[in-house]
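As structure tokens, the structure follows; a few thoughts come after it.
The values are calculated or read from the model by the stated rules, or taken from the named source; none is laboratory data. In this text the structure is predicted, and so the values were computed from the model without any measurement. Neighbour counts are summed over all protein chains in view; Cβ atoms, including those assigned to glycine, are modelled from backbone coordinates with ideal geometry.
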Amino acid sequence: MTNGSLNSYRFSFWIPLFAGLLILVPVFIWSGFIFLAKIDGFVVLFLLLVAMRKWFALARTNNNRVERVQLSTNDLFLLQQIIPSFKHLPSSAQRILTDQIGLFLAEAQFKGTWTPKAQFTIGVAVALATWDAGYLNKQHWVLCAAENNTYYIADLPEHILEVPVFVVSEHTLSALLSSECVVSLKKVIERLS
């Protein structure tokens, strides 16, 4: 979370401020100033929310994080064309798949001539290829278009991949994960790591 300098978060200012305000709460209660203790507690809560908002904004800026692309209704229709069995997947798998596709589209860079459907199809394949691996940062990935519906990842130009095609017979998640295009992409992704 703190990829940048810790000084930019100004912990040396916030921590003594919170400590001082929190120490005042029992002092006010012991002195009989219950109302002041309540006000002090609300001030601590408000300042903590302000500080956390600032810290998270700084962390997002320092780590160069990009926001996930929110898939539209048209994107979901395209996803159902690419994977005909998408509606038959469990709702948790559908949500994970759409979230991972959104992350891929936000992070990966594309060079050459790409159609939106090809980018989206590769996003589906990458989400399936990294299904069990958890989150994988793809901000350094550059996908280059080649000839005849093929592409390669710039770091591994010797591995030419075809734009995936998912067949109708792949009704389950396990069938999708074991499809030939996903398995070959998974091998290339493992070499990237």
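Look at Lys117 and say whether it is out of contact with any helix residue (DSSP H, G or I) (no Cβ under 8 Å at 6 or more places or on another chain) and modelled with pLDDT of 85 or more. In short, no. Every condition in (1) of a type in the set (A, V, I, L, M); (2) surrounded by 15 or more Cβ atoms within 10 Å (Cβ to Cβ); (3) not in a helix (DSSP H, G or I) holds for Val165 except the one numbered (2). Out of all the residues in the range 26-36, is one or more modelled with pLDDT under 90 and either buried (at least 16 other Cβ atoms within 10 Å of the Cβ) or in contact with a strand residue (DSSP E or B) (Cβ under 6 Å, 6 or more places away or on another chain) (or both)? Checked the range 26-36: no residue is modelled with pLDDT under 90 and either buried (at least 16 other Cβ atoms within 10 Å of the Cβ) or in contact with a strand residue (DSSP E or B) (Cβ under 6 Å, 6 or more places away or on another chain) (or both).
Inspection of the range 173-182 identifies at least one residue that is farther than 19 Å from Leu79 by Cβ and in a loop (DSSP other than H, G, I, E, B). Among the candidates Gln119, Gln81, the residue that is polar (S, T, N, Q) and under 20 Å from the mean Cα position of the chain (by Cα) is uniquely Gln119.
Would you confirm whether or not the range 37-57 contains a residue that is farther than 30 Å from Phe18 by Cα and in contact with a helix residue (DSSP H, G or I) (Cβ under 7 Å, 6 or more places away or on another chain)? Checked against the condition, which is being farther than 30 Å from Phe18 by Cα and in contact with a helix residue (DSSP H, G or I) (Cβ under 7 Å, 6 or more places away or on another chain), the range 37-57 yields no hits at all.
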